[in-house]
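Undergrad: Have a look at this one before I ask anything.
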Amino acid sequence: MAWHPFNLDQRAHKIVLRARERDPDSLNQAYKMRATCAYGLERFWGEHLRLKRIEPKKADFVKETWAEFVEIMQQSRPDLVIPAAVLNNLESERIIKAEASKFWRIKTSDQQECLTVLVALCDAIVWWTQRLKPKSSSRPTQDEDEAIADEDTAQ
């Protein structure tokens, strides 16, 4: 596998900005998405189904990340078929199982390649999340930190 950036950083930036517009609290999902990569493609894909019932905005964040990942892989490996369907948790269990079973047909070496790209995308998403997360009102801004430091120095 040759390395190609596929504009992962720019794609991650757009994903994070859209998630922030939908719901700034959903950005916490970025860390969980990154951790989910360790469990494999099918588990990452399935997160949108689990979250849809309880936290739909976070589910949208996962779905958008998955859609972007699938697009990247289609550019990179048009011969590789990755399940692109984003389902809804109201689908029949038969449909969900059928879609999930497609992951087991991907060769192990191709799964590893996919996971490498997915991890890199999620790493970029985490990086942008850290930079673009709205500041909470309880934490001092950089200007306030500098003013406090100046007051401490003056005393």
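Undergrad: Taking the Cβ of Leu17 as the center, what net charge do the other residues with Cβ under 13 Å away carry, scoring Lys and Arg +1 and Asp and Glu -1?
TA: Local charge sum for Leu17: +2.
Undergrad: Could you work out the local net charge near Lys107, counting Lys and Arg as +1, Asp and Glu as -1, over the other residues with Cβ closer than 12 Å to its Cβ?
TA: Here the charged neighbours net out to -1.
Undergrad: Count the net charge of all other residues whose Cβ sits under 14 Å from the Cβ of Arg77, scoring Lys and Arg as +1 and Asp and Glu as -1.
TA: -3
Undergrad: Let me ask something else. Among 59-65, 6-12, 75-81, 116-122, how do they line up by average Cβ neighbours within 10 Å per residue, starting with the highest?
TA: Listed from highest to lowest mean packing, they are 59-65, 116-122, 6-12, 75-81.
No value in this document is a laboratory result; all are computed from the given coordinates. None of these values were measured; they are calculated from a predicted model. In this analysis, Cβ positions are derived from the backbone assuming ideal geometry, glycine residues included, and neighbour counts consider all displayed protein chains.
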